[in-house]
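See below for the structure under consideration.
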Amino acid sequence: MSHAMIMKLKLERPIVFFDIETTGLNVTQDRIIEISYIKVFPDGNEQKLCQRINPGMPIPKESTKIHHITDDDVSGCPPFEQVAKQLFDVFDGCDIAGFNSNMFDIPVLDEEFNRAGIAFDWSKCRFVDAQTIFHKKEKRDLAAACLFYCGHEMENHHSSMADTQTTYDVLCAQLERYDDLGDDVEALSKFSSHSRFADLKGYVIYNDKGQEVVNFGKHKGKVLEDVLQQDHGYADWVRRSEFPSSTKRVFERVQQRVRERELEAKRRLAQQPPTAEQLEQLRIKFN
């Protein structure tokens, strides 16, 4: 990919292309065993790294068949906790790009940060998902995207650095092909999103008024504040269940907002002057 083509992507701040390999596909339970990233700076400079990670649990054979990483391959590697701060420094203050990253890689990375005691504020990031752009335009997977956009077969498929590099190349080729995509991260982030997620998995989304709306289960389509005011056990159920940490944080944030508004309503009520009926009751009581 030429430098001139890379610079077609206008950057206001760094953007991190990344890919992970994991022990499985369960966002809340499985662990990262390899993470690779390419951090692209506004001046066109790049920073690359591929890091193997000891997940602290056996890697299922089914997963090894896909990414070819075994327990022995990661036995001497650091656990995520040891590299968490380093990765935080890489991603902090950046926009994020990947292939299916909005639905998998970012939520999994958030869980790992959460377990390491790091609260990463994803609301400051804009997410660009080359898979979403691809599916909206061509409807195929990363290997097909590589062939279609870059004109060659993808090598070392399911190697995290190969997937990361290919994602980077594919997005740059998409910018060349589709003039209507725009050439800045804000436009790409909007096109990469099917809807405005309040969490990282889309269990809660924003409506046109900017309100958090439940996007699953019996309360789907309802404003979350209204749900929490009417169904007092709902937030506790979400907290106890295997929802992603980002979903639980949204529920906690909205529940706190509901509590603060209820307390404010009680405070205002207490500050209201007594009615004539209340004054008469007090006069009778103390006379």
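The values are calculated or read from the model by the stated rules, or taken from the named source; none is laboratory data. Note that the coordinates shown come from a computational prediction; the quantities given were computed from them, not determined experimentally. Neighbour counts run over all protein chains shown; Cβ positions are idealised from the backbone, glycine included.
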message: Only one of S63, S36, S75 is touching a Gly at 6+ places or on another chain (Cβ under 6 Å) and not aromatic (F, W, Y). Can you tell me which?
response: S63
- prompt: Do we find that V40 is over 30 Å from F243 (Cβ atoms) and surrounded by 13 or more Cβ atoms within 10 Å (Cβ to Cβ) in this structure?
  reply: yes
query: Going by the structure shown, is F99 under 11 Å from the mean Cα position of the chain (by Cα), surrounded by 15 or more Cβ atoms within 10 Å (Cβ to Cβ) and not acidic (D, E)?
result: no
task: Would you be able to say whether some residue in segment 132-139 is assigned by TED's automatic domain parsing to the domain that holds S160, in contact with a helix residue (DSSP H, G or I) (Cβ under 6 Å, 6 or more places away or on another chain), part of a helix (DSSP H, G or I) and in contact (Cβ under 8 Å) with a residue 60 or more places away in the chain?
output: yes
- prompt: What number of residues within segment 96-131 are closer than 26 Å to A143 by Cβ and either aromatic (F, W, Y) or not assigned by TED's automatic domain parsing to the domain that holds T164 (or both)?
  reply: 3
message: Among the listed residues Q174, Q165, identify the single one that is over 22 Å from K124 (Cα atoms), buried (at least 20 other Cβ atoms within 10 Å of the Cβ) and touching a strand residue (DSSP E or B) at 6+ places or on another chain (Cβ under 9 Å).
response: Q165
statement: Subset of segment 179-195, residues in contact (Cβ under 8 Å) with a residue 24 or more places away in the chain and within 17 Å of F17 (Cα to Cα), comes to D183, D184, V185, E186, L188, S189, F191, S192, S193
message: Given the options V238, V250, V258, name the one that is among the β-branched types (V, I, T), surrounded by 10 or more Cβ atoms within 10 Å (Cβ to Cβ), in contact with a strand residue (DSSP E or B) (Cβ under 6 Å, 6 or more places away or on another chain) and assigned to a helix (DSSP H, G or I).
response: V250
- line: Within segment 190-249, residues being farther than 21 Å from Q29 by Cα and among the hydroxyl-bearing types (S, T, Y) number 5
task: Find the residue count for segment 45-89, including only residues that are surrounded by 14 or more Cβ atoms within 10 Å (Cβ to Cβ) and in contact with a Lys or Arg (Cβ under 6 Å, 6 or more places away or on another chain).
output: 3
- request: Scan segment 238-246 and give yes if some residue there is closer than 24 Å to H194 by Cα and free of Cβ contacts under 8 Å to residues at least 40 places away in the same chain, otherwise no.
  value: yes
message: R283 - would you say it is part of a helix (DSSP H, G or I) and surrounded by fewer than 12 Cβ atoms within 10 Å (Cβ to Cβ)?
response: yes
